[in-house]
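Peer 1: If you scroll down you'll find the structure; I have some questions about it.
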Amino acid sequence: MDSDENGCGIDRPIALTEVLPGIPLSDIGPMRCQTALTLARWMKETVNPTLKIALPERRITGLSNAASYVCRLRNHAETGKISEHARGNAVDIAAFTLDNGDTIAMTPKQEDATLTGAFQRTVTAGACLHFTTVLSPGSDATHQDHLHLDVMERNGGYRYCR
């Protein structure tokens, strides 16, 4: 999928079906290999260990994600910069599915003192160690119901975590 006249496209896209063995994605959209690898590392090194502390009797059996590849501008705006989704660099996480059928939906939880709230805040903060851009639920008007993660390369290794 080469770039089109809008700047959209992915060089050698992959279709990720499972982020880790036994943890399927709800949307199997194309993404760059680096995005898929970073997502898998975050799940393995941050999300699963955090769940083991917060809810030790549970395990993650699915990941609800919004489309990874969409040819559009940032925040669905009519003008401005192209979204990292349009380059296969981004994925939006809406919820984690647990082995008992429960879900942990990504919603603003800054004031949530439960273990689920602590889990979400911890995995979001941990995402900043893996991804170059992390927009947590509630960080702005367009990110109320999902966690935006991307691997956009920036000058000097700059990261944006909000």
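Peer 1: Note the full-extension length gain between L37 and R162 as 0.36 nm times their separation in residues minus their Cα-Cα distance, in nm to one decimal.
Peer 2: Separation in residues times 0.36 nm, less the Cα-Cα distance, equals 42.8 nm.
Peer 1: First check a/c for the range 68-162, with a ≥ b ≥ c the square roots of the eigenvalues of its C-alpha gyration tensor; if it is under 1.5, answer rounded, and if not, answer prolate when a/b is larger than b/c or oblate otherwise.
Peer 2: In terms of gyration-tensor shape, prolate.
Peer 1: Let me ask another. In sequence order, what are the phi-derived ³J(HN,Hα) couplings for the range 118-135 according to the Karplus relation 6.51 cos²θ - 1.76 cosθ + 1.60 with θ = phi - 60°, rounded to whole Hz, with x for glycine and proline?
Peer 2: Going residue by residue, I get 5, 4, 4, 5, 5, 5, 5, 4, x, 4, 5, 7, 9, 9, 8, 10, 9, 10 Hz, with x marking Gly and Pro.
Peer 1: Looking at the chain, which Cys residues are left with no other cysteine's beta carbon under 4.7 Å from theirs?
Peer 2: Lone cysteines by the Cβ rule: C33.
Peer 1: What is the Cα convex hull volume of the chain when expressed per residue in Å³?
Peer 2: Spelled out: Cα convex hull of the chain, divided by residues, is 108 Å³.
Peer 1: What FRET efficiency would be calculated for the residue pair E18, Q110, taking the C-beta separation as r and a Förster radius of 30 Å, to the nearest 0.05?
Peer 2: E(calc), rounded to 0.05, equals 0.45.
Peer 1: Roughly how far apart, in whole Å, are the Cα centres of the range 11-50 and the range 127-141?
Peer 2: First find each Cα centre; the distance between them is then 17 Å.
Peer 1: Let's test the formula: R0 of 22 Å, r as the Cβ-Cβ distance of E153 and D27. What FRET efficiency results, to the nearest 0.05?
Peer 2: 0.35
Peer 1: If R₀ is 30 angstrom, what is the calculated FRET efficiency for the pair C71 and N100, using the beta carbon separation as r and rounding to 0.05?
Peer 2: 0.20
Peer 1: Something else about it: Where a Cα-Cα gap under 19 Å defines reach, which lysines qualify for K52, not counting those fewer than 8 residues away within the same chain?
Peer 2: K52 reaches K44.
Peer 1: Could I ask something else about it? From the backbone phi of the range 18-27, what are the Karplus-calculated ³J(HN,Hα) couplings (6.51 cos²θ - 1.76 cosθ + 1.60, θ = phi - 60°) in whole Hz, Gly and Pro given as x?
Peer 2: Along the range 18-27, the couplings run 10, 6, 9, x, x, 10, x, 8, 6, 10 Hz.
Every read-out reported here was derived from the displayed coordinates using simple, explicitly stated rules and does not represent laboratory data. Note that the coordinates shown come from a computational prediction; the quantities given were computed from them, not determined experimentally. Virtual Cβ from ideal backbone geometry, glycine too; neighbours counted across all protein chains shown.
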